[in-house]
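Heads up: the structure comes next, in structure tokens.
The values are calculated or read from the model by the stated rules, or taken from the named source; none is laboratory data. Since we're looking at a predicted model, the values are computed, not measured. Neighbour counts run over all protein chains shown; Cβ positions are idealised from the backbone, glycine included. Keep in mind that these areas ignore ligands, DNA and RNA; they rest on the heavy atoms of the full protein, side chains included. Shrake-Rupley method; radii C 1.70, N 1.55, O 1.52, S 1.80 Å.
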Amino acid sequence: MDRYGYGDGKPGNPSVGYVATTQLKDIRRRLPLRVLSASDWEHWTTWGYVVVKNAIPEDNIRRLVDLLWEFQEMDPNDPSTWYKPQLRDNEMKELNNSGMVEIYNHQYLWDNRQHPCIHDAFVDIWDQEELWVTIDRANLNPPNRNARGFNGFIHWDADTRLDPLPVNVQGVVSLVDTDSEMGGFQCVPELFRTLEEWRKTQPADRDGWVPDTTGFKIVN
């Protein structure tokens with residue numbers, strides 16, 4: 001059941017039905033934590049994100065990295081191959097030049113999705129073992145040079161005007177070490193913590209998919 005009518009050209013993730021009713025930060029735990037520590041769990045429920053280190057084996061990382069370079073017909077040792085025009089435009093225009101790799105069901109991706117640490121991390125988040133895997137693509141980002149310009153953006157995959165808000169969570173497996181200047185993930189933890197109060201201050205006719213992050217600290 002998709003009670004919010006996602007799909008049909010709307011933003012968001014149409015592969016998720018949003019049938020859960022309790023926000024994940026508010027669930028009453030039944031299962032013991034498997035991957036997250038108690039402090040990880042507190043961080044997750046307070047700030048809306050948590051980092052799980054060394055989630056997949058090094059061999060899984062290396063073979064998938066090699067596959068993505070090959071799939072994109074790019075040579076990691078030859079920067080002249082990094083800046084070809086993208087193979088097709090994205091329906092969501094803001095994703096153009098973002099390095100999306102249209103690869104979905106390769107076994108290497110499935111090996112990571114099904115790795116025990118990844119599975120158990122989501123068991124901790126959802127407090128249940130029966131999980132439905134959503135299929136998403138990979139991403140390969142060379143430095144922003146030459147004709148390529150993409151600096152990332154803050155967005156939500158749910159309309160913040162909905163009441164109650166959909167219940168959902170996403171995970172990103174980073175295949176390289178990153179720092180605050182190059183990370184492929186951005187979030188606004190203070191906005192998560194004060195979400196309900198923030199919503200009361202926002203105009204009804206706002207863009208519900210792109211939150212106004214003015215005055216908030218963005219974490220990379």
Checked pairs for the stretch 150-179, first closer than 28 Å to Y83 by Cα, second of a type in the set (V, I, T) and not in a loop (DSSP other than H, G, I, E, B), C-beta under 7 Å and 6 or more apart or across chains, list as L175/I61; L175/V65
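Let's see how each residue does on (1) touching a residue at least 24 places away in the same chain (Cβ under 8 Å); (2) more than 30 Å from W41 (Cβ to Cβ); (3) in contact with a Gly (Cβ under 9 Å, 6 or more places away or on another chain):
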| site | (1), (2), (3) |
| --- | --- |
| E70 | no, yes, no |
| E73 | no, yes, no |
| S80 | no, yes, no |
| L87 | no, yes, no |
| K93 | no, yes, no |
| A121 | yes, no, yes |
| Q128 | yes, no, no |
| L131 | no, no, no |
Considering residues of the stretch 175-220 that are of a type in the set (K, R) and assigned to a loop (DSSP other than H, G, I, E, B) only, the residue nearest to D59 (Cα to Cα):
K217
So, D75, is that one of a type in the set (D, E) and outside any helix (DSSP H, G or I) or not?
yes
From the residues in the stretch 92-138 that are of a type in the set (K, R) and out of contact with any strand residue (DSSP E or B) (no Cβ under 8 Å at 6 or more places or on another chain), which one is surrounded by the most Cβ atoms within 10 Å (Cβ to Cβ)?
R113
Members of the stretch 133-149 that are hydrophobic (A, V, I, L, M, F, W, C), under 27 Å from N112 (Cα atoms) and in contact (Cβ under 8 Å) with a residue 40 or more places away in the chain
I135, A138, L140
Do you know which residues across the stretch 63-74 are more than 9 Å from L140 (Cβ to Cβ) and open to solvent by 60 Å² or more (accessible area, probe 1.4 Å)?
R63, D66, E70, E73
Inspect the stretch 113-121 for any residue being in a helix (DSSP H, G or I) and under 21 Å from W69 (Cβ atoms) and give the result as yes or no.
yes
Log entry, pairs with first residue in the stretch 196-214 being without any contact (Cβ under 8 Å) to a residue 24 or more places away in the chain, second being among the aliphatic types (A, V, I, L, M), beta carbons closer than 9 Å, six or more apart or on different chains, reads W198/L191
Criterion: over 30 Å from W41 (Cα atoms) and over 17 Å from the mean Cα position of the chain (by Cα) - qualifying residue of P116, P142:
P142
Can K84 be described as out of contact with any strand residue (DSSP E or B) (no Cβ under 9 Å at 6 or more places or on another chain) and at pLDDT 80 or above?
yes
